[in-house]
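Please treat every number below as a calculation from the coordinates, not as lab data. Since this is a predicted model, take the numbers as computed values, not measurements.
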Amino acid sequence: MGPLNLEVRHAQPAFAFCKEPALEPGKDHRQKPPLKLREVWSIRVRLQIAGRARDLALFNLAIDSKLRGCDLVALRVGDVSLSGKVQSRAVVLQRETGRPVQFEITEQTRDAVTFWIRHVGSRQNEPLFPSRGRPDQPITTRQYARLVSRWISSIGLDASAYGTHSLRRTKPALIYRRTGNVRAVQILLGHSKLESTVRYLGIEVDDALAIAEQVDV
């Protein structure tokens, strides 16, 4: 495992903080479901075959980092890379809470991000995912949301039923199902309150009982 870069960037001004979009009448505003493992791989394979280097790096990093969309698009090369090498762990300051959160970067994500950085020739302090119209600025959260809709549609799912939070929730949901460790998920998501994580995962009484039934005393 490479050295951990513990440098934390300062939060952007208040206007750049994550904000919940205004609710549009007539739309389904229920919590968006996470992707299933087979759906993650279906999207990943399609992006690989299509040679979409940016999308593959962005998708993989979205799954690994579990970051909100505004924090994901705001990443700079130096947040994940040190001396030209993408690290196995990173830490950033969440804009919504002002709290630092660490995340892992798996090997396949490191490979995808490394290839993307070399492809665009970005430097340490430049956006990791620059806008095509303004390379000195990152893509917007709206652009990211459009990409997510495109990825979801590409595997035959209803894009309106999913969103950027689906990617943020995917790995935590898998971790919870496999371990039942809500505290670990809380740390990974950067939640300050356990209750927030419980609501985020949609944990119900049946889930709690299923975990309890696996423990003999």
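Apply the Karplus curve 6.51 cos²θ - 1.76 cosθ + 1.60, θ = phi - 60°, to the phi angles in segment 84-90 and return the couplings in whole Hz, x for Gly and Pro.
Going residue by residue, I get x, 10, 5, 7, 7, 9, 9 Hz, with x marking Gly and Pro.
Kindly write out, for segment 96-111 in residue order, the coupling ³J(HN,Hα) from the Karplus curve 6.51 cos²θ - 1.76 cosθ + 1.60 (θ = phi - 60°), rounded to whole Hz, with x marking Gly and Pro.
Karplus-based 3J(HN,Hα) across segment 96-111 equals 6, 10, x, 9, x, 9, 9, 8, 8, 10, 5, 4, 5, 6, 4, 4 Hz.
Can you work out the Karplus-derived ³J(HN,Hα) for every residue in segment 69-81? Use 6.51 cos²θ - 1.76 cosθ + 1.60 with θ = phi - 60°, whole Hz, and x for glycine or proline.
Here the 3J(HN,Hα) series is x, 5, 6, 5, 5, 7, 4, 10, 3, x, 6, 10, 10 Hz.
Please state the shape class of segment 49-149: rounded when a/c is under 1.5, otherwise prolate if a/b exceeds b/c and oblate if not, all from the C-alpha gyration tensor.
In terms of gyration-tensor shape, rounded.
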